[in-house]
1. Using the alpha-carbon centroid of each, what span in Å lies between region 376-390 and region 163-232?
2. Along the charge dipole of region 319-454, Cβ charges K/R +1 and D/E -1, which of THR382, PHE398, ILE328 sits furthest on the positive end?
3. Run the numbers for THR193 and TRP427: contour at 0.36 nm per residue of separation, minus the present Cα-Cα distance, in nm.
4. Using the alpha carbons of region 37-108, what is the convex hull volume per residue in cubic angstrom, as a whole number?
5. Can you give the extra length, in nm with one decimal, that the chain gains between VAL145 and LYS337 once fully stretched, where that is 0.36 nm per residue apart less the Cα-Cα distance?
6. Under a crude label model (7 Å from the Cα following the beta-carbon direction), how far is VAL438 from PHE13 in nanometres?
7. Counting other beta carbons within 10 Å of each Cβ, put ARG402, ARG421, ARG31 in order, fewest first.
8. Suppose a student asked you for the relative contact order of the chain, using Cα pairs under 8 Å spaced at least 6 residues apart; what percent would you report?
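Any read-out appearing in this document is the output of simple, stated calculations on the displayed coordinates, not a laboratory observation. Quick caveat: nothing in here was measured; it's all calculated off a predicted structure. With ideal geometry, Cβ positions are generated from the backbone for all residues, glycine too; neighbour counts draw on all protein chains shown.
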Amino acid sequence: MSELNRDGFGSRFGVLVAVAGSAVGLGNLWRFPYMVGNNGGAAFIIIYLLFVILLCLPIMFSEFIIGRRTQANAFGAIKKLAPKSPFLTIGVISVVASICIMSFYSVVGGWTLEYIFKSFSSDFLSASGSNLESQFKEASSSTIVPIASHLAFLGLSALIVVAGIKNGIEKYSKILMPALFFLVMLLAVRSITLDGSAAGVKFLFYPDFSKITGATLIAALGQAFFSLSLGMGCIITYGSYVKKSENLFKISLMTVAADTGFAILAGLAVMPAVFAFGISPGQGPSLVFITLPQIFAQLPLGNVISIAFFFILFIAAITSSISLLEVIVAYFTEELKLTRKTSVLIAFAIIGVFGTLSSLSNGVLADVKVFGKTFFDLFDYTSSNVLLPVGGLLVVLFVGWRMKKADVLDELTNGGTISVRGVILKWILFTIRFLSPVAIAFVLLSSIGLIKMF
Ligand code: TRP
């Protein structure tokens, strides 16, 4: 496809909902609440917010700059700007990380689908707490149904991606994202108005800084990376579909605001209810799938609320998974010159197989370990703790030190047509060159145990 008729986002609203759709996902609605619960509440949120604003905003910016400058997929983008340089690793990481993340993301996406259907049955919510726990264990560890759900989730994502940017990703995000916002708002209001919800609100907003340790800092930074879709060329790819006239700084700001807003809203939907029903906030990853149905069971119209909630989770997950899939498909179509359909089919086949392995690793393959981890944990660990930090580090180093400063400034100011204040420009360049690389290197080293805090 020539660059002139390359597909792209049609409108500013389209760009915003698509990028926000990528960022807002299971990371916000499923992972954020339990990370807050595990790490002491408000203090974790404050550190998370600091990291997002000081470190992640510049990284998002850097990815947008690379993408829009080159109008190409992550690999092709680096190839255009620095052919044969070691930075091409970014392109390789983008494809490998997409496959890794999708291989467990699609399985969790499948669980959300399964739980939508489960919520329709009347005995689902009449079960007691321990029963809900065994129901979840049974659902995730059985063979056929979770694999079928994973393939269904992946298939739905593939169908949207096949349709392209304007008529697929943009069109569906425009409908799905506002629906998502509406539903989470509704749940947050329901949660806050429960008797005894005040303790949950306090947990979210009154910090206890004595709870902060080195592990909290790292957890917060890792969460920010995952939640904002950074470090593997996802924003490079979406950035390549953004028109030259759009203000990248504004889009980055709005995406970060939307993603953070959704995370806080998810916290408000979950935490007050958790406290109102006397459940421990530090339940971990099962919080959504086990604890929330327990709460729904005690609410009037519990089934309806349950259906709505898992539908929300499903929507959030699918608008993120299409962005992950698009990274691979853009690479296949532009670098290997395959058609969009063939590319999607190949991606579906690869992720279908790896996702099946990771689904089975919660059941019959639980004892098969690679580097001491089940397939599911391996995909999760490799992407979040290795590939994303390495990719993010390379991205900021690339924009900060390798790209021509004039090109970077040109993208920042749209060729000098928008004025960005001197102080802000200096701050952006400083964070891209020094602050972000050092911070990411820190996370990376600590994740492999080379640095220990406190
Ligand atoms: N950010 C999404 C979430 O919060 C997941 C996601 C989509 C992602 N694209 C990504 C994570 C790229 C890391 C990198 O669920």
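1. Measuring centre to centre over Cα atoms gives 21 Å.
2. PHE398
3. Numbers: separation 234, 0.36 × 234 = 84.24 nm, distance 4.19 nm.
Taking 0.36 nm per residue and subtracting the Cα distance, the gain is 80.1 nm.
4. 126 Å³
5. 65.6 nm
6. Calculated label separation equals 4.4 nm.
7. ARG421, ARG402, ARG31
8. Relative CO of the chain lands at 34 percent.
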